[in-house]
1. What's the extension gain from PHE61 to ASP20 if we count 0.36 nm per residue and subtract their Cα-Cα distance?
2. Within the set of other residues whose C-beta is less than 13 Å from the C-beta of LEU82, count the net charge using Lys and Arg as +1 and Asp and Glu as -1.
3. Between THR67, SER30, VAL93, whose Cα lies farthest towards the positive end of the dipole of segment 1-100 when Lys and Arg beta carbons carry +1 and Asp and Glu beta carbons carry -1, centred on the Cα centre?
4. To the nearest 20 Debye, how big is the dipole of the chain about its Cα centre, given +1 on the beta carbon of each Lys and Arg and -1 on that of each Asp and Glu?
5. Relative contact order for the chain using alpha-carbon pairs under 8 Å, separation at least 6, rounded to a whole percent?
6. Please give, to one decimal in nm, the separation of the simple spin-label points placed at VAL85 and LEU68, each 7 Å out from Cα toward the Cβ.
Amino acid sequence: MWNRRFCCLRGGQTLANLGDVFYLVAFLSSIYAATASVVETALVPVVILSAQSLGAVTAPFVFQRLTLPQMLVFSQGAKTLLLAVAATVVSAVSEADRGSVLALYCLGAAIAFMDGWANPARNALVPR
């Protein structure tokens with residue numbers, strides 16, 4: 001049961017989950033600092049949930065073209081690149097900078113969309 005592939009999957013998913021927590025907190029605090037609006041800050045989880053649901057709905061179409069490990073590597077790789085871009089945007093967010101706030105919403109949606117692909121692939125790989 002504790003073979004190398006399972007340990008890599010478990011380690012990778014642990015790091016991905018930690019990254020999710022950190023990026024969500026960074027997005028929330030950056031948007032609140034830039035806008036001072038609780039409504040716009042509360043919109044972040046709504047955007048993330050919507051994008052993740054859309055990603056989960058489109059995942060079966062991608063499963064037809066990629067294997068489960070390929071899907072997981074692709075989605076986690078794209079998510080990592082998007083998180084790197086988001087880190088630079090978060091560090092550049094200043095007060096009243098609406099473009100950066102919109103960029104954070106778009107990046108959050110794209111990251112959550114990739115997460116919508118990764119979750120079904122991960123859940124299907126664990127029993128194997």
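1. Values: separation 41, 0.36 × 41 = 14.76 nm, distance 2.45 nm.
Stretched out fully, the PHE61 to ASP20 stretch lengthens by 12.3 nm.
2. Working: positive: LYS79; negative: ASP20, ASP115.
Counting the neighbours of LEU82, the net charge comes to -1.
3. Projecting each Cα onto the dipole axis, the largest value belongs to THR67.
4. Details: 8 positive and 5 negative charges, 154 e Å.
Around 740 debye, computed over the chain.
5. Details: 116 pairs, mean separation 47.3, N = 128.
Averaging sequence separation for qualifying contacts and normalising by length gives 37 percent for the chain.
6. Taking the simple label geometry, VAL85 and LEU68 are separated by 3.0 nm.
Throughout, read-outs are computed from the coordinates displayed, never taken from laboratory work. The model shown is predicted, which means the values in this text are computed figures rather than measured ones. Counting neighbours? That spans all protein chains shown, and the Cβs are built from the backbone with ideal geometry, glycine included.
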